[in-house]
Amino acid sequence: MINWVFKKILGTQNQREVRRLTPLVQEINRLEDGLRPLSFEELRSKTSAFRERIAQGEGVDAILPEAFAVVKNCCRRFTEEKRKIRVRGQEIPWEMIPFDVQLIGGMVLHSGRIAEMATGEGKTLVATLPTYLNALTGKGVHVVTVNDYLAARDSEWMGEVYRELGLTVGCLQHGQSQAERRAQYACDITYGTCSEFGFDYLRDNGMATTPEDQVQRGHFYAIIDEVDSILIDEARTPLIISGPVTVSTHQFDKYRSSIEGLVRKQNSLCTDWANQAKEKVEAGDLPGAGRLLFKVKLGSPRNKLLLKFMEDPGTRRAIDDAELEMYQDTRRTELYKTKEEMYFTIDERNSEADLSEMGRKFLNPSDPNFFLVPDLITINHDIDTNAAHSAEEKLKEKQAAQANYEEASQRIHNISQLLRAYCVFEKDVHYVVQENKVIIVDEYTGRLMPGRRWSDGLHQAVEAKEGVQIDRETQTLATITIQNYFRLYEKLAGMTGTAETEANEFKDIYRLGVVVIPTNRACVRKDADDLIFKTRREKLNALIEEIKKRNAAGQPMLVGTASVESSEIISRMLRRENIPHNVLNAKYHQQEAEIVARAGERGAVTIATNMAGRGTDIKLSPGVPELGGLHVVGTERHESRRIDRQLRGRCARQGDPGSSQFYISFEDDLMRNFGDSRRIAGLMTKLGMEDNEGLQHPWLNRSVETAQKRVEQRNYQIRKHTLQYDDVMNQQRTVIYSWRTEILTTEDPRKEVFETVDEKIGAEVEARAGTDPVDLDGLVHWANTAMPLGLQKEDLQNAGGKDQWKELLKRRVREAYELKVKFENPEAVKALERYVLLGAIDRLWQEHLYAMDGLRTSINLRAYGQKDPLIEYKREAYGMFEELMERIKGEVVLNLFRSASSLSAFEHFLAALPQRTGRGELPVQAQPTEASLSMGGGKAGAVEEALAPMKRQGPKQGRNDPCPLDPNKKFKNCCGASGSKVCFKVAA
Ligand code: ADP
Ligand code: MG
């Protein structure tokens, strides 16, 4: 009450914000009045005048009222002249002049916040205001849309304004060439989807080998349309560019059939229990039945009989009681025992699978420990305390134990992913199989996501289950989370109809405030209470009846579903009733946009997953308002309240009439997993729900909402978790990417090369000088094997101390390098130097990413051992990164003399090395083979393409090819060197 009074007096924060901006609205409108007498030419000239002022140092904020007025005036002129604009092949007359609330929305976007504006309020137009203003700086404004179709549509539609005012507009589309993309980014304004922007960033920074390969030109200001779907829903799957790994470690095919057997065993076990439970129920022993069914839930959560029992409030409560009891701390051992009575357990909520002793025995009767992670700590302890073994033996034993541990982890990981694939991931719900490929279905939107893959081997496990071609195991070549991509922007803004429920997350993670903008006209939508049914069947039957009734009256309906599967079920039922309808699954954006646009016509029935046709306006046709406007039905409450609000928001736009209602049942996933069944069952008895009719009560709505809040909280934690891990990667990525950019853009790559080489020399000298006695031999050996320096021990002995050694080495390297450069094609030298650095960075960084993937997997196993996995992860990741930097330096040193623009340049250099160089022996991985001579072998797929211009500038030279100096011998042993060494032969 007090809160209410308080709000009334002071106005909520939102209202205050809106009120604060109102004087500016008046100012814009006044300025716009003043623009009316101008000629179009004069209006256009404002753009260059603004640019001039910005060049003189004036801030964009100061220009805002005038710039917004110019855009508004331009819209007025278009409206007055009824300008026709070609949008996606259709002529659309322009008939919009920004309303005052739209001007406010534009200002909120300009200030780097999220504007929550209901569907149909014209956010597309709102974005033009801050976009125009900020594009005046020339730094490039990015407008991010949810799909390619909308990017094209909006850039054509709104592009008319920008172009008229003298700005350029570009649009990214999937499949554009590098040159095309570059041209789009070069425009003042670029429209595109978040994947296009994000992948371009990864390619620019992780793969481009020349500045010309890069397409983006910075991250100044981005406006994200449907910001919640991008920053929240999509944020769970990071953007990954991957390529096949050279060695495959997975064993999914190997274990597939035994896992199938295991799952079959478990299923029959669980069905037995469920049947016993049935007997117990009949005998009146509810608690006993509850305990049995709880076991079924642990072992086979999607068991048919179990699902039946879950519908019944009585047995449902018994199951919940049994569960509650078992999870009490005092019952730990009992829970453990229960778990040991089956082959494995499945945690549906956290989608995890765990093998039990029984399961391990089934899979490998002779050695159940085969599927147990060895206890490395104890093993190492035992090795250490074994007095009978020498230090050397102990080291060997430890190495063997470590290898064994890694192998076992891998094996267990494979098994557990297979179990998840079989028991948690359902075909046509979580994924579909098309053309021999497993394609993920986005659980939020029902949209197919071709090209995306579950990480961590899960995708291959599902491929194994479905018996489709298991894609070669891929490794990450470059990756970034959507969160971290958008954090790159100096200024970020977003708009959506539904941001408020997630305001905290926007604030915490993106530092984005949310301002709710009032609608232009009051919303008159009627939201009915949810209708709750016991079973899904009853629910769907009632739903079809409702559709029949309203359809007979001619009222259009939009039926929102949570999955492609349920869209299809409803469609089938409607077909049986001969009710014509359209089904949209967000597969064909353009086509579906056209269908959705007509969803407000008399008698239309449109079934859509919630992403389908998003961004398309549903206008009512004549006569429909009298019927009550568009009626929206949700066939299921979504995990997130936000998605439900989105669905509701599809009707009653701009003051139209409209209504909405959700149909739910106890069999819905949300209710099964997160519903507080006890309370609801209690309520139902109290409210007298005994028969098959749906029940409606505000209390029930609240219970459902509680369940949703619970899931939202959990999903937020998951996203936060992903982000915490990615933050570690992000720091490392920033270091590597900025180093790369430096190398790409510097005019003097040689300086970079020598800085790196000098650091390595410094580190080597320090390491050898730090031992007692000083390891001069080691230093000489290192220098001569890594580089053709022909260093003698006496040279060092004569030189003095370690500082002099460093100087001597640095000087020798430079002399040798100058000699090498003499034989190079002068035009190739810079590229070659860049390659020396990039080749090392890219190869090792990708190896590092692979290792980090491995770390991510193994770190979760440690969660069992009392350690905080995140802290462990950070600590180890830091160590690995330091190691990576050292290895890169080492590789640069090795690359320096082994990269040549052609073999003949290389031969001449070898021949010209002075006599004193003698015979340096080179480790085999450093031999001048294809990898170094051809400048960038060893990588596949996308990277290979990216490197294409750099590749193969020299002829191939393998270890078994003839030696360039002595054609009678093979290269690898032309002067008697053998085994793991090849010679750096110098002509005498
Ligand atoms: P949103 O993205 O907010 O859901 P859209 O940008 O798709 O809304 O616009 C919805 C409809 O409103 C479009 O048909 C558009 O032409 C119309 N519209 C937007 N702004 C105005 C305006 N100021 N005056 C008249 N119609 C407008
Ligand atoms: Mg929109």
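The values are calculated or read from the model by the stated rules, or taken from the named source; none is laboratory data. These numbers come from a predicted model, not from an experiment. No Cβ is skipped: glycine too gets one built from the backbone with ideal geometry, and neighbour counts run over all protein chains shown. The protein model used for the area step is the full one, side chains on, heavy atoms only, and it has no ligands, DNA or RNA in it. Shrake-Rupley method; radii C 1.70, N 1.55, O 1.52, S 1.80 Å.
List of remarks:
- Here Leu647 meets each of (1) in a loop (DSSP other than H, G, I, E, B); (2) within 16 Å of ligand 2 (Cβ to nearest atom); (3) modelled with pLDDT of 90 or more; (4) not acidic (Asp, Glu) with one exception, condition (1).
- In segment 103-114, of all residues being within 13 Å of ligand 1 (Cβ to nearest atom) and under 22 Å from Glu490 (Cα atoms), the one that is surrounded by the fewest Cβ atoms within 10 Å (Cβ to Cβ) corresponds to Ile104.
- Residues in segment 73-99 that are touching a residue at least 40 places away in the same chain (Cβ under 8 Å), more than 16 Å from ligand 2 (Cβ to nearest atom) and not in a strand (DSSP E or B): Asn73, Cys74, Cys75, Arg76, Phe78, Arg83, Trp94.
- Verdict on Ile377 being hydrophobic (A, V, I, L, M, F, W, C), exposed (fewer than 14 other Cβ atoms within 10 Å of the Cβ) and closer than 30 Å to Asn404 by Cα: yes
- Residue count for segment 573-599, restricted to those that are in contact (Cβ under 8 Å) with a residue 40 or more places away in the chain and more than 16 Å from ligand 2 (Cβ to nearest atom): 2
- Evaluation of Pro130 against (1) touching a helix residue (DSSP H, G or I) at 6+ places or on another chain (Cβ under 9 Å); (2) open to solvent by 10 Å² or more (accessible area, probe 1.4 Å); (3) at pLDDT 95 or above; (4) within 16 Å of ligand 1 (Cβ to nearest atom) (one fails), failing number: (2)
- When residues in segment 115-127 are screened for being assigned to a loop (DSSP other than H, G, I, E, B), open to solvent by 10 Å² or more (accessible area, probe 1.4 Å) and within 6 Å of ligand 1 (Cβ to nearest atom), 3 of them pass.
- Residue, surrounded by the most Cβ atoms within 10 Å (Cβ to Cβ), within segment 62-102, restricted to residues that are within 13 Å of Leu35 (Cβ to Cβ) and near ligand 1 (Cβ under 9 Å from one of its atoms): Cys75
- Unique residue being modelled with pLDDT of 85 or more and acidic (Asp, Glu) when the list is Glu443, Glu435, Glu407, Glu357: Glu357
- Failed item, numbered, when Ser111 is tested on (1) within 16 Å of ligand 2 (Cβ to nearest atom); (2) out of contact with any helix residue (DSSP H, G or I) (no Cβ under 6 Å at 6 or more places or on another chain); (3) not β-branched (Val, Ile, Thr): (1)
- Pairs with Cβ under 8 Å, 6+ apart, first in segment 811-827 and within 13 Å of Ala900 (Cβ to Cβ) and without any contact (Cβ under 8 Å) to a residue 12 or more places away in the chain, second part of a helix (DSSP H, G or I) and aliphatic (A, V, I, L, M): Val821/Val829
- A count restricted to segment 622-641 and to residues that are farther than 24 Å from Met117 by Cβ and either touching a Lys or Arg at 6+ places or on another chain (Cβ under 8 Å) or within 15 Å of ligand 1 (Cβ to nearest atom) (or both) stands at 3.
- Residues of segment 148-168 classified as surrounded by fewer than 22 Cβ atoms within 10 Å (Cβ to Cβ) and assigned to a loop (DSSP other than H, G, I, E, B), total: 3
- Filter result for the condition that a residue is surrounded by fewer than 20 Cβ atoms within 10 Å (Cβ to Cβ) and among the polar types (S, T, N, Q), over Thr210, Thr190: Thr210
- Segment 454-472 - residue that is hydrophobic (A, V, I, L, M, F, W, C) and outside any loop (DSSP other than H, G, I, E, B) and, of those, modelled with the lowest pLDDT: Leu458
- Count - residues of segment 473-497 that are at pLDDT 90 or above, touching a Lys or Arg at 6+ places or on another chain (Cβ under 9 Å) and of a type outside the set (D, E, K, R): 6
- Those residues of segment 219-244 which are more than 16 Å from ligand 1 (Cβ to nearest atom) and among the acidic types (Asp, Glu), in sequence order: Asp233, Glu234
- For Gln102, the conditions (1) away from ligand 2 (no atom under 16 Å from the Cβ); (2) of a type outside the set (Gly, Ala, Ser); (3) touching a residue at least 60 places away in the same chain (Cβ under 8 Å) are fulfilled apart from (1).
Matching residues to (1) part of a helix (DSSP H, G or I); (2) open to solvent by less than 20 Å² (accessible area, probe 1.4 Å); (3) within 28 Å of Glu91 (Cα to Cα):
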position: Asn541; (1), (2), (3): yes, no, no
position: Ile547; (1), (2), (3): yes, yes, no
position: Gln555; (1), (2), (3): no, yes, no
position: Gly560; (1), (2), (3): no, yes, no
position: Ile569; (1), (2), (3): yes, no, no
position: Arg572; (1), (2), (3): yes, no, no
position: Ala586; (1), (2), (3): no, yes, yes
position: Gln590; (1), (2), (3): yes, no, yes
position: Ala593; (1), (2), (3): yes, yes, yes
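- Enumeration of residues in segment 484-502 that are in a strand (DSSP E or B), away from ligand 2 (no atom under 16 Å from the Cβ) and buried (at least 22 other Cβ atoms within 10 Å of the Cβ): Leu492
Residue-wise test of (1) hydrophobic (A, V, I, L, M, F, W, C); (2) at pLDDT 85 or above; (3) in a loop (DSSP other than H, G, I, E, B); (4) in contact with a Ser or Thr (Cβ under 7 Å, 6 or more places away or on another chain).
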position: Ala763; (1), (2), (3), (4): yes, yes, no, no
position: Asp772; (1), (2), (3), (4): no, no, yes, no
position: His781; (1), (2), (3), (4): no, no, no, no
position: Asn784; (1), (2), (3), (4): no, no, no, no
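- Restricting attention to segment 734-764, the residues that are of a type in the set (Lys, Arg) and out of contact with any Gly (no Cβ under 8 Å at 6 or more places or on another chain) total 2.
- Each residue in segment 794-846 was checked for being under 30 Å from Asp775 (Cβ atoms) and open to solvent by 70 Å² or more (accessible area, probe 1.4 Å), and 12 of them qualify.
- Hey, Ala127 away from ligand 2 (no atom under 16 Å from the Cβ), of a type in the set (A, V, I, L, M, F, W, C) and either free of Cβ contacts under 8 Å to residues at least 40 places away in the same chain or closer than 23 Å to Ile517 by Cβ (or both) or not: no
- If the condition is being open to solvent by less than 20 Å² (accessible area, probe 1.4 Å) and more than 19 Å from the chain's Cα centre (by Cα), then segment 503-516 contributes Leu512, Gly513, Val515.
- Failed criterion for Thr137 (all others in (1) out of contact with any Pro (no Cβ under 7 Å at 6 or more places or on another chain); (2) at pLDDT 95 or above; (3) within 14 Å of ligand 2 (Cβ to nearest atom) hold): (3)
- Any hit, segment 180-189, residues being under 28 Å from Asp442 (Cα atoms), over 19 Å from the mean Cα position of the chain (by Cα) and more than 16 Å from ligand 1 (Cβ to nearest atom): yes
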